[in-house]
Amino acid sequence: MKTLILLLYITQSLELFVSSSSLGEVINKQGERWELQLKGSGLTPFSRQGDGRKVLRSSLREFLCSEAMYYLGIPTTRAASIITSDTLVERDMFYTGDNITEKASITSRVAKTFIRFGSFEISKSPDPITGRFGPSVGNLTIVSQLTNYVIQQFYPHIWSGYSNDIINCYVEFFKEVVKRTANLVALWQTVGFCHGVLNTDNMSIIGLTIDYGPFGFIDQFTWDHISNTSDPNGRYSYAQQPSVCAWNLARLAECLIQALIDQQKCSSDKTTNKECIFVDNLTKKFTNVLDTTYMSCFKSVYLERMRKKLGLLYAKDEIDTELIQNLFNTMEMTGADFTNTFLALEDTLSQVVYQNNADLLKPDLIVQECCSLSQLQETFEPINMEF
């Protein structure tokens, strides 16, 4: 790890190029490959406006939250260390125009990879509105090389099964990314986590929570909770997270489609009838994967985790969905705290129902939810945190 590596990627919603500094990969005693990344190490050739520094305050937030997410069983990068210094930087903590002086710090992040959706956009063509384009505009060969590397390294089962069928290889890869992303955002929703900046550059290609910036956990519940003060329109609000992640996946699909078109030596302008059919069929393949996989996976994971939070042992999708929706609507109307509501249900619900609403204790419903001890142990066994 003698050479510092810069990972370049694009943030789709802002049409900007950004990068992160990587110390490279290490292999631990178990033979696992881990990438080490530095956040706040200073300016790079691709830095946006600013000084490339990170302050201690935000470094500690990332360290604490990434560990909390890990132990909640939610896929995440982790912070290995924080180093602070005597270097001073100015920050507008509350975005009021009042700068304060703070110490600069460097956070060392750890993950299997920090490659993001935005990494695949570096060959992006000029945007019709902003006119901005990727730093390697038109060079789709490097997108193919990146895609092949990611599949071989992080999805080897797909590469071994489809390496001789590159189109279906990319489609299956995209399908797996869709599933992991749907799983991730579903888990966020069940703990009231708001990421705050869900641009394509903050979407992990292996389904991790990545880049802890203006994130937050909901206290007083509202569907439209916003954790980022720079997001007044609520593009990345709690309620919008599932849909914006689907939108980001569609942007990733566009990159993979363009790479395949280039590999097949077709024109994306569809100049011949044969090319037109090929491009249309290719687009339909990726669109179908997103349409048929994302929401079904999201709902499955979301309901499964919410049932555990509410002690519902048997799946009744329609009834459970209505129950959960009504619970959150009630929480919003009454100004209930997200986390404390579920803690309170543990201790008070049975007493309140028994004392004040005995007629609501329906024996048939209670019997339906009963199970054996072994079933109970299996349902609520500890989460396997292998990510």
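The values are calculated or read from the model by the stated rules, or taken from the named source; none is laboratory data. Small disclaimer: the values here were computed from a predicted structure and weren't measured. Cβ: placed from backbone, ideal geometry, glycine included. Neighbour counts: every protein chain shown.
Residues in region 223-245 that are under 15 Å from ASN202 (Cα atoms), touching a residue at least 60 places away in the same chain (Cβ under 8 Å) and among the hydrophobic types (A, V, I, L, M, F, W, C): CYS245 only.
Just to be sure I understand, how many residues within region 87-125 are part of a strand (DSSP E or B), charged (D, E, K, R) and surrounded by 12 or more Cβ atoms within 10 Å (Cβ to Cβ)? Residues in region 87-125 being part of a strand (DSSP E or B), charged (D, E, K, R) and surrounded by 12 or more Cβ atoms within 10 Å (Cβ to Cβ): 5 in total. The set of residues from region 128-179 being β-branched (Val, Ile, Thr), surrounded by fewer than 15 Cβ atoms within 10 Å (Cβ to Cβ) and more than 18 Å from THR200 (Cβ to Cβ) comprises just one member, THR141. Could you tell me which residue of region 126-142 is modelled with the highest pLDDT, considering only residues that are in a loop (DSSP other than H, G, I, E, B) and among the hydrophobic types (A, V, I, L, M, F, W, C)? If we take residues in region 126-142 being in a loop (DSSP other than H, G, I, E, B) and among the hydrophobic types (A, V, I, L, M, F, W, C), then VAL137 is modelled with the highest pLDDT. Residues that are part of a helix (DSSP H, G or I), without any contact (Cβ under 8 Å) to a residue 24 or more places away in the chain and touching an Asp or Glu at 6+ places or on another chain (Cβ under 8 Å) within region 143-173 comprise ILE158, GLY161, TYR162, listed in sequence order. Residue count for region 163-183 satisfying the condition of being at pLDDT 95 or above and more than 22 Å from the chain's Cα centre (by Cα): 5. Pairing each residue of region 29-42 that is farther than 26 Å from SER105 by Cα and in contact (Cβ under 8 Å) with a residue 12 or more places away in the chain with any residue that is exposed (fewer than 14 other Cβ atoms within 10 Å of the Cβ) and among the hydroxyl-bearing types (Ser, Thr, Tyr), provided the two are 6+ apart or on different chains, yields no C-beta distance under 7 Å. Given the conditions (1) touching a helix residue (DSSP H, G or I) at 6+ places or on another chain (Cβ under 7 Å); (2) at pLDDT 95 or above; (3) hydrophobic (A, V, I, L, M, F, W, C); (4) closer than 28 Å to ASP165 by Cα, which single one is not true for TRP247? All conditions are met except number (1).
Check region 31-46 and report whether any residue there is of a type in the set (A, V, I, L, M, F, W, C), crowded, with 16+ Cβ neighbours inside 10 Å, at pLDDT 90 or above and not in a strand (DSSP E or B). No, region 31-46 contains no residue that is of a type in the set (A, V, I, L, M, F, W, C), crowded, with 16+ Cβ neighbours inside 10 Å, at pLDDT 90 or above and not in a strand (DSSP E or B). Within region 347-384, the set of residues being over 19 Å from GLU304 (Cβ atoms), of a type in the set (D, E, K, R) and either modelled with pLDDT of 65 or more or surrounded by 10 or more Cβ atoms within 10 Å (Cβ to Cβ) (or both) comprises ASP347, ASP364. Of all residues in region 311-332, one or more are over 25 Å from the mean Cα position of the chain (by Cα), over 17 Å from TYR238 (Cβ atoms), β-branched (Val, Ile, Thr) and surrounded by fewer than 18 Cβ atoms within 10 Å (Cβ to Cβ).
Kindly indicate whether TYR238 is in contact with a Phe, Trp or Tyr (Cβ under 7 Å, 6 or more places away or on another chain), buried (at least 21 other Cβ atoms within 10 Å of the Cβ), over 20 Å from PHE114 (Cβ atoms) and modelled with pLDDT of 95 or more. Considered against the rule, which asks whether it is in contact with a Phe, Trp or Tyr (Cβ under 7 Å, 6 or more places away or on another chain), buried (at least 21 other Cβ atoms within 10 Å of the Cβ), over 20 Å from PHE114 (Cβ atoms) and modelled with pLDDT of 95 or more, TYR238 comes out as yes.
Of all positions in region 111-130, at least one carries a residue that is within 23 Å of ASP51 (Cβ to Cβ), in contact with a helix residue (DSSP H, G or I) (Cβ under 8 Å, 6 or more places away or on another chain) and basic (Lys, Arg). No other residue among GLU121, GLU102, GLU90 is touching a residue at least 24 places away in the same chain (Cβ under 8 Å) and more than 23 Å from the chain's Cα centre (by Cα) apart from GLU102.
Got a number for residues in region 173-184 being within 11 Å of MET295 (Cα to Cα) and not hydroxyl-bearing (Ser, Thr, Tyr)?
Counting residues in region 173-184 that are within 11 Å of MET295 (Cα to Cα) and not hydroxyl-bearing (Ser, Thr, Tyr) gives 4.
Out of curiosity, is GLY192 surrounded by 14 or more Cβ atoms within 10 Å (Cβ to Cβ) and on the phi > 0 side of the Ramachandran plot? So GLY192 fits the description; yes.
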